[in-house]
Amino acid sequence: MEKTENISPSKWWAKHFKQFEESLNGSSGSAIHQYKLKAFEAFSETGFPTTKDEAWKYTNLQNIVKNDYQPAKLGTDVSESDVTSLLVGEERLAVVFVNGFYSASLSEQCSNLSVPSGLSLRPLAEVLKSKDSDQLLAKLGVSDAKEPLVAFNSALFSDGLYLKVSKGVKIDIPVQLVFLTAKKSDKQVSHPRFIVEAEEGSEVQVIEHHVGPEGEDYITSSVGQLFAAENSKISH
């Protein structure tokens, strides 16, 4: 019998990254694998911030470090009303994620508007498998790997959103990003990532919602990146 590595709960993120690498099959060594490997190595060097770090002087993350969190999976016990109760305005354009994974059905059910011309909303999982993956990786690479929690997300995210507004287009209705954590007895962690790119002279408003089950222990490791070209405007 093959001996398996015993990873302590304090290194649960290493176990998660190992699971990611085992799922690559033939795409091991790909550009996204190399990007994530670099991010994981950066995070491994620093680990989670401690109260000895000036920016985290008053925020103790040791409870996260010591617990054994499980990778979140797409939940099914989320209803349309769970989402619409969060949204603002009568005209709604929503992009919904459950446990960090894009939900096409909930996004469609909770939106009463079609996606306007000049606005592109693409799940990251889809983009990473497309011919545009290199363009996306260039955007992801702008993130500062010296920020431990950014590197943590970069190493372990698998889905999210790439929102792009074409040159000169002004989107009047806010795009509402809804990140829901579904009920589950086990401790779970999700890693959504979103990118907003406004080309020259364009405008867009993005509203970000996060909600989870009361009384349950979970982590949402979320990173958002905004890229505003000349004379463009992003309201977040």
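When the chain is treated as a Gaussian network with alpha carbon springs shorter than 10 Å, the biggest mean-square fluctuation among Phe101, Phe43, Phe17 belongs to Phe17.
Would you work out if region 27-160 is rounded, prolate or oblate? Take a ≥ b ≥ c from the square roots of the eigenvalues of the alpha-carbon gyration tensor; rounded if a/c is under 1.5, else prolate when a/b is larger than b/c, oblate otherwise.
It comes out oblate by the Cα gyration axes.
Find the relative contact order for the chain and round it to a whole percent, using C-alpha pairs within less than 8 Å whose residues are 6+ positions apart.
Working: 429 pairs, mean separation 49.0, N = 236.
The value is 21 percent.
Residues in region 48-55 carry Karplus couplings, in order, of 5, x, 10, 5, 7, 7, 3, 5 Hz; the curve used is 6.51 cos²θ - 1.76 cosθ + 1.60 with θ = phi - 60°, and Gly or Pro positions show x. In region 65-207, the DSSP beta bridges split such that about 30 percent are antiparallel, to the nearest 5.
In this simple spin-label model, placing a label point 7 Å from the Cα along the Cα-to-Cβ direction at both Ser166 and Asn67 gives a separation of 4.6 nm. Annotation: amide H of Tyr102 within the under-5 Å range of Gly160, sequence separation 5 or more or interchain, hydrogens built in the peptide plane. To the nearest ten degrees, helix 12-22 and the longest principal axis of the Cα atoms of the chain are 70 degrees apart.
Which of rounded, prolate, oblate describes the chain, given a ≥ b ≥ c as roots of the alpha-carbon gyration tensor eigenvalues and a/c under 1.5 marking rounded, otherwise prolate only if a/b is larger than b/c? Because a/c hits 1.5 or more and a/b exceeds b/c, the chain counts as prolate.
Note on the chain: GNM, Cα springs under 10 Å; of Gln188, Gln109, Gln176, the largest mean-square fluctuation is that of Gln109. The angle separating the long axis of helix 31-46 from the principal Cα axis of greatest extent in the chain is about 60 degrees.
Helix-only arithmetic for the chain: the sum of -39500 (n - 2.57) across DSSP H runs with n ≥ 4, divided by the residue total, places the mean residue ellipticity at 222 nm at -7500 deg cm²/dmol. Short-range pairs are left out: with C-alpha atoms under 8 Å and at least six residues apart, the relative contact order of region 178-225 is 63 percent. When only C-alpha pairs under 8 Å and at least 6 residues apart count, what is the relative contact order of region 64-151, in percent? Taking the mean separation of contacting Cα pairs over the length of region 64-151, I get 20 percent.
Of the heavy-atom accessible surface of the chain (probe 1.4 angstrom), what whole percent is carbon and sulfur? Mind dumping the intermediate values first?
Numbers: 6120 of 12920 Å².
Using a 1.4 Å probe with all protein chains present, the chain comes out at 47 percent carbon and sulfur.
Our estimate of slack between Ala125 and Leu24, defined as 0.36 nm per intervening residue step minus the Cα-Cα distance, is 35.0 nm. The HN-Hα couplings worked out from phi for region 118-135 by the Karplus form 6.51 cos²θ - 1.76 cosθ + 1.60 (θ = phi - 60°) are x, 10, 10, 10, 10, x, 4, 4, 6, 5, 5, 9, 9, 5, 8, 4, 5, 4 Hz, whole numbers, x standing for Gly and Pro. For the pairs Lys57/Lys131; Lys15/Lys57; Lys15/Lys170, flag any whose C-alpha to C-alpha distance is greater than 32 Å. Over 32 Å Cα-Cα: Lys57/Lys131; Lys15/Lys170. Ordering 120-128, 83-91 by mean Cβ neighbour count within 10 Å, with the highest value first, yields 120-128, 83-91.
Expressed in nm to one decimal, what extension gain is obtained for the pair Thr59 and Glu91 from 0.36 nm per residue of sequence separation less their Cα-Cα distance?
Values: separation 32, 0.36 × 32 = 11.52 nm, distance 3.82 nm.
This chain segment gains 7.7 nm when fully extended.
Label sites at Ser114 and Glu230, each approximated as a point 7 angstrom past Cα along Cα to Cβ, lie 3.4 nm apart. Rolling a 1.4 Å probe across the protein heavy atoms gives the chain an accessible surface of 55 Å² per residue. Close amide H partners of Lys233, meaning residues 5 or more places away or on another chain with modelled amide H under 5 Å apart, are Ser202, Glu203, Val204.
The values are calculated or read from the model by the stated rules, or taken from the named source; none is laboratory data. Keep in mind the model is a prediction, meaning the values are calculated, not measured. Methodologically, a virtual Cβ is constructed for each residue, glycine included, from the backbone with ideal geometry; neighbour enumeration extends over all protein chains shown. For the accessible areas, the whole protein counts, side chains as well, though only heavy atoms, and no ligand, DNA or RNA atoms are used. Shrake-Rupley method; radii C 1.70, N 1.55, O 1.52, S 1.80 Å.
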